[in-house]
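Chemist: There's a structure below that I have some questions on.
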There are 2 protein chains.
Amino acid sequence: MMAESQVGKEETRAKLPPHQKHKQALLSELSREELEARVKQVEAHNTQLRNLLSKSQTGATPDSLSTHGKSPKQRDFDFSKYSCRHVALKLCYLGWDYQGFTVQEDSHNTIEAQLFAALLKTRLIQSRETSNYHRCGRTDKGVSAFDQVISITLRSKVRKGIGVEGVTQEKDSSTTDRLKEYEKEEEEEEINYVQLLNRVLPQEIRILAWCPVPSEFSARFDCCQRTYKYFFPQGSLDLQAMNQAGQHLVGEHDFRNLCKMDVANGVVNFKRRIMAVRVARMDQKDGEDTGGGSEDVNESPSDGDGYGMCVATIEGQAFLWHQVRAVMAVLFLVGQGKEQPDVVAELLDVKTHPRKPQYCLASDLPLNLWAVHFDGVAWRWDEDELRRLLGQLQEVWTQQAVRNTMTRSMLKDLEGRYERLIRVREKRKGKEDEEKQPGNNEPEMKKMKRDEENNEEVKMRMEEEDEGWRVKEQPAVLMSGNKCKVYRPLLTRPTCESLEKRVEHYIKKQRLDPELLKKLD
Amino acid sequence: MMAESQVGKEETRAKLPPHQKHKQALLSELSREELEARVKQVEAHNTQLRNLLSKSQTGATPDSLSTHGKSPKQRDFDFSKYSCRHVALKLCYLGWDYQGFTVQEDSHNTIEAQLFAALLKTRLIQSRETSNYHRCGRTDKGVSAFDQVISITLRSKVRKGIGVEGVTQEKDSSTTDRLKEYEKEEEEEEINYVQLLNRVLPQEIRILAWCPVPSEFSARFDCCQRTYKYFFPQGSLDLQAMNQAGQHLVGEHDFRNLCKMDVANGVVNFKRRIMAVRVARMDQKDGEDTGGGSEDVNESPSDGDGYGMCVATIEGQAFLWHQVRAVMAVLFLVGQGKEQPDVVAELLDVKTHPRKPQYCLASDLPLNLWAVHFDGVAWRWDEDELRRLLGQLQEVWTQQAVRNTMTRSMLKDLEGRYERLIRVREKRKGKEDEEKQPGNNEPEMKKMKRDEENNEEVKMRMEEEDEGWRVKEQPAVLMSGNKCKVYRPLLTRPTCESLEKRVEHYIKKQRLDPELLKKLD
């Protein structure tokens, strides 16, 4: 079957006798994205089979799948009646079930693909190629965004205004002046881009706001700051240590050891600037600040409740590929006490450590491009559309929350039971041990022990000491490769290839300019 | 396609023109478990198609899907070497992506199907038919359970003990006596059913505990009490009213207006006993009691935070089909102020209201068979297995919680923005109104107004009055059929067929005994 060659684990299982009913076990081992890929493959295969079947039966030619944007209606639309306008669109998306933001060759399951499908369907653009399209962030597979921005030229109802093409812009007036001048005029007249697009986009992708911009504006190059958030449960992580480790990241550093080097695409400079890092519980005051370096906001590491949600906030100018996930992987190691906070400083010392130790990235699920900043862009929000969005998002939230609350309730009950089982066992063991010792069977001794056990203070102390029984594996699923029994400190691990070697490799393959080698430090 | 008929949303999308490339949207809207179900469906369809194709091409007999329990290895296993033992198994499952507990003809995606697949694979039974199988509850599609119990005869390692077949049970000793007698002997020796099954079951179905029982024990008939929980977000629901309405349910009543009548299957008696009902916030003291009738535990209805999770707990002897979902539908109407709490008493008055008003059931997602009670069953929990289960369930919890926290954070930010938009609009409107009135432009008047606005007390009062802007649609997605602009009170709605008519109908169809008509009140 086509599907089996795609997934590594499948090849192992393919060796099992065909009668083995392991299908359900197989599926639960696959990731979300692998599952979706499998559905598509099998459906495609089914289409082929149906075609063959109908051929073999009637000899008729099967329907082919239509490609984006070539529906008959599209060809009839007269774009020449409209002007064009360069705008910035602010959007958010829950990306955990997508193959990333950018269009892929082998998958339509990307945010961009959905976006362009919507832009074409609503006839706001004629084609991607002619739309002067730029994107601010390039979020990967599974990653979400609360603030992604794109700049693009759209069909427009108005004849004059910021960004309207074919109109001579007053070169000596500032963007702000021009904005004010046209504001009243535009507010009533322009196409409601936000509403129009949201009607056809899938629920998990929403346009939040728009703003007309000069045609030279680029969402990619004009962005001066980006903030990421990473949401995770505390478990028994030491947030203070994580926060401390995070402070080493602030400033300008060479992050080659804290990212995935994208040399193939010409990235050879790994110096980036981080403005702020913060790790905190969300239920505490300031838990959701996007900045600040205060280290006293965290309480003691094992805050009792491993279920408490935390957020790591990282503000930077621009980010490298998988930089935040690599940082989180290391912060998690620090939080587990497997590494000291200083290890971050070590990893940033590329003279001492020119080659990256091997470690796995943290999960993509909790990562969110939370905020991006552009100077001079005054976003326009539509109150009605925002109201509608709140309702829709609450619906999504509820469906998640109901499941989550149910699971949590089950856990609470089971944890109570687990604790009781342990205590029963310990009590029984305690009694057995006691009975072996002379003198402990005396009535007075027994009475003293009972009194001790009944003493509230003693009880509480025993409970605290006993906390070791509590299962706090909540964050584990976000960290990969932690299955080894013996932990290997980062700086002692085998390393990846150096930057220089990679550059040489791609120069040989004639994909990079040989001059680049000289540019490296 | 098979898949399309299974998912409600699919039917809507099937109406879209075929050129629409929405497949990826479909998949990404599905939850993990729905995806797995889809994979199984398309693969099953795939097998069918291949069979048809090979039939049409070669005329050869295709491989048929092997039916449960007939794999070659199974035939080689020598069951005669083992004894049999009647046991009760306690299990839990997250059922939102299954087609219910009981086996369906047209779907393998049921809890029971998974259970039997596991029982056969581990060779704990030879076949369902010979396993003396009974189940306690019959949860429907989408419904979960924290405490489902089945009784079944399994392969056993021991030669004597409770429930071991072929051994003469001491007829005059009580179950408890016999249990004690065999306890030590059994604890070391018996097959670790819990562990063995959990290794092959899908993650969302877990065996929690087991207990050997006499062969006459039936999970279905020996259950004396069942408790359901229903988890939902508060929104702007009036919990006090809901709780009050719920109290009318306590006692023995005819629940024909608060269930889906299953006359076709011979259910003609709708009298059931409810022992307790309770609706409360979960974050409050006693929020998670399974009983009690105290009505003072709820705070004021609009507790500020529409996101607060609540739970309705209903304890009864036995339940009718969809009874809890029907009850929740009515409680939701009461909670929204669309009905008075008394409406429940009205619906229970079947003399005055012999025919059920038309209303939709509440969502299945939040429903959970939380606890079932059997006398004399001393469940055996395995500490290691429970530890393992906690870790697995925490993993599930985390993946839900990360998404939920992210969504909540987005909502928080957007709600703040929405509030600001409204205030800006209102302020602007306020100023415009003011400027129209004479005398308001005097500096003194203006100063007074500014002082007023700056006064903290005034600010707070304004904020409270303004709370109307807050979007509190969280519970909406759990209630169907609420889209009409004009609400129709339950007791004025068109009604469904009466019980008598339904019985007559099935008697005519010769599916029911004509004597039944006489038995009706």
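Read-outs: derived from the displayed coordinates by stated rules, not from any lab. Worth saying up front: this structure is predicted, and the values here are computed from it rather than measured. Heads up, the Cβs are rebuilt from the backbone with ideal geometry, glycines too, and the neighbour counts pull from every protein chain shown.
Chemist: Averaged across B:307-316, how many Cβ atoms of other chains sit within 10 Å of each residue's Cβ atom?
Modeler: Average neighbour count from other chains, rounded to a whole number: 2.
Chemist: Still on this structure, I have one more. For segment A:220-263, what is the Kirkwood estimate of the hydrodynamic radius, computed as the reciprocal of the mean inverse distance between distinct Cα atoms, to one decimal in Å?
Modeler: 13.6 Å
Chemist: Same structure again: Please arrange B:TRP210, A:TRP469, B:TRP381 by how many other C-beta atoms lie within 10 Å of their C-beta, fewest to most.
Modeler: Ascending Cβ contact count within 10 Å gives the list A:TRP469, B:TRP381, B:TRP210.
Chemist: Run the label-point distances for A:ASP384 please: 7 Å along Cα to Cβ, every other copy, nanometres, shortest first.
Modeler: Here the equivalent label points are 6.5 nm apart from this one.
Chemist: Need one value for A:407-419: mean number of C-beta atoms belonging to other chains within 10 Å of its residues' C-beta atoms.
Modeler: 6
Chemist: Sticking with this structure for a sec: Which of the residue pairs B:LYS338/B:LYS429; B:LYS485/B:LYS509; B:LYS121/B:LYS160; B:LYS229/B:LYS356; B:LYS90/B:LYS518 have a Cα-Cα distance greater than 31 Å in the structure shown?
Modeler: B:LYS338/B:LYS429; B:LYS485/B:LYS509; B:LYS90/B:LYS518
Chemist: Hey, can you grab everything whose amide H is under 5 Å from the amide H of A:VAL164? Only 5+ residues off in sequence or another chain; H modelled, so Pro and N-termini drop out.
Modeler: Under 5 Å from the amide H of A:VAL164: A:HIS86.
Chemist: Another question about this same structure. Placing a label point 7 Å from Cα toward Cβ, how far apart in nm is A:SER480 from its equivalents in the other copies, listed shortest first to one decimal?
Modeler: Label-point separations across copies, in nm and ascending: 4.1.
Chemist: If you don't mind, another one. What average count of beta carbons from other chains do you get within 10 Å of the Cβ of residues in A:88-101?
Modeler: Counting other chains' Cβ atoms within 10 Å and averaging over A:88-101 gives 2.
Chemist: State, to one decimal in nm and shortest first, how far the label point of A:ASP78 sits from each corresponding label point in the other identical copies (label point: 7 angstrom along Cα-to-Cβ).
Modeler: So the distances to the same position in the other copies read 8.8 nm.
Chemist: Here's a follow-up. Taking the Cβ of A:LYS338 as the centre, find all other residues whose Cβ is under 11 Å away and add up their charges (Lys, Arg: +1; Asp, Glu: -1).
Modeler: Net of charged neighbours comes to -1.
Chemist: Right, another one. Report the net charge of residues surrounding A:LYS508, where surrounding means a beta-carbon distance below 15 angstrom and charges are Lys +1, Arg +1, Asp -1, Glu -1.
Modeler: Here the charged neighbours net out to -1.
Chemist: With 10 angstrom as the radius, rank A:MET410, B:MET309 by how many other C-beta atoms surround their C-beta, starting from the fewest.
Modeler: Lowest to highest Cβ neighbour count: B:MET309, A:MET410.
Chemist: Sorted from fewest to most neighbouring beta carbons within 10 Å, what does the list B:LEU490, B:LEU49 look like? Please list the in-between numbers first.
Modeler: Numbers: B:LEU490 22, B:LEU49 18.
In increasing order of surrounding Cβ atoms, one gets B:LEU49, B:LEU490.
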